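We did not get these values from a lab; they are worked out from the coordinates using the rules stated. If you're wondering where the values come from, they're calculated on a predicted model, not measured in any experiment. Note: ideal-geometry Cβ built from the backbone for every residue, glycine included; neighbour counts use all protein chains shown.
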Amino acid sequence: MHELGIVFSIIRDVEEVAKENRIDKVDGVRLRVGEVSTVIPYYLEDCWNWAVDRTDILKGAALHIDTVPAVTFCGGCQKTYPTVTYGKICPHCGSEDTWLQQGDECVIQEIEVSE
Ligand SMILES: [Zn+2]
């Protein structure tokens, strides 16, 4: 379970941005989490709730997760298809010359601050 490490690195990033912008209270953080990222949202939330209470800036901050659908691009026919349904083999042409275009990210989308 590496969710706690991810949570710590998100918190570190948010604290840095907050410091740069002279923000002393963050209400919430919105994340983009890819469908095939190795992050399990349920664990992430658990770790989040535990970790933010140990900070000053993020105490009680909510975590919002936007799921990004996984899309694979096919080098054979130049088309895209949903990764989760078809995996590595292109459903259009049967090629295995495919790679993930999006869907394995875990990035901060937005930091919510009350005025
Ligand atoms: Zn194809």
Item checked: Sparse-neighbour loop sites [GluC sites (Glu not before Pro); segment 1-93; at most 12 other C-beta within 10 Å; DSSP] -> none
Item checked: Fully extended contour minus Cα-Cα distance, from Glu45 to Tyr86, at 0.36 nm per residue -> 11.9 nm
Check: Near the amide H of Glu35, under 5 Å away, which other amide H atoms are found, from residues 5 or more places off or on another chain, if H is placed in the peptide plane?
Finding: Val68, Ala70
Item checked: Residues of type lysines that Lys88 reaches as a straight line, Cα spacing below 26 Å, ignoring anything fewer than 8 places off in the same chain -> Lys79
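Eigenvalues of the Cα gyration tensor times 5, then square-rooted: what semi-axes does that give for the chain, in whole angstrom, largest first? Provide the component values of the computation, followed by the final result.
On the way: eigenvalues 251, 38, 19 Å².
Result for the chain: semi-axes of 35, 14, 10 Å.
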Check: Tally Lys and Arg at +1 and Asp and Glu at -1 over the other residues with C-beta under 11 Å from the C-beta of Val113: what net charge comes out?
Finding: -3
Item checked: Calculated [θ] (222 nm, deg cm²/dmol) that DSSP helices of n ≥ 4 give over the chain, each run adding -39,500 (n - 2.57) -> -9000 deg cm²/dmol
Check: Separation of segment 12-42 and segment 87-115 by C-alpha centroid, Å?
Finding: 19
Next item on the list: Straight distance only, please: which lysines reach the Cα of Lys59 with their own Cα at less than 26 Å, same-chain residues fewer than 8 apart left out?
Entry: Lys19, Lys25
Notebook entry, point to check: What trypsin sites (Lys or Arg not before Pro) does segment 1-92 have in DSSP loop regions with at most 16 other beta carbons within 10 Å?
Noted result: Arg22, Lys25, Arg54, Lys59, Lys79, Lys88
Checklist line | Cα gyration tensor shape of segment 72-113, rounded if a/c is under 1.5, else prolate or oblate by comparing a/b with b/c | finding: prolate
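Based on DSSP, what percent of beta bridges with both residues in the chain are antiparallel, to the nearest 5? Walk me through the numbers before you get to the answer.
Working: 13 of 20 bridges.
In the chain, DSSP labels about 65 percent of beta bridges as antiparallel.
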Margin query: Once you keep just the Cα pairs under 8 angstrom separated by 6 or more residues, what percentage relative contact order results for the chain?
Written below: 35
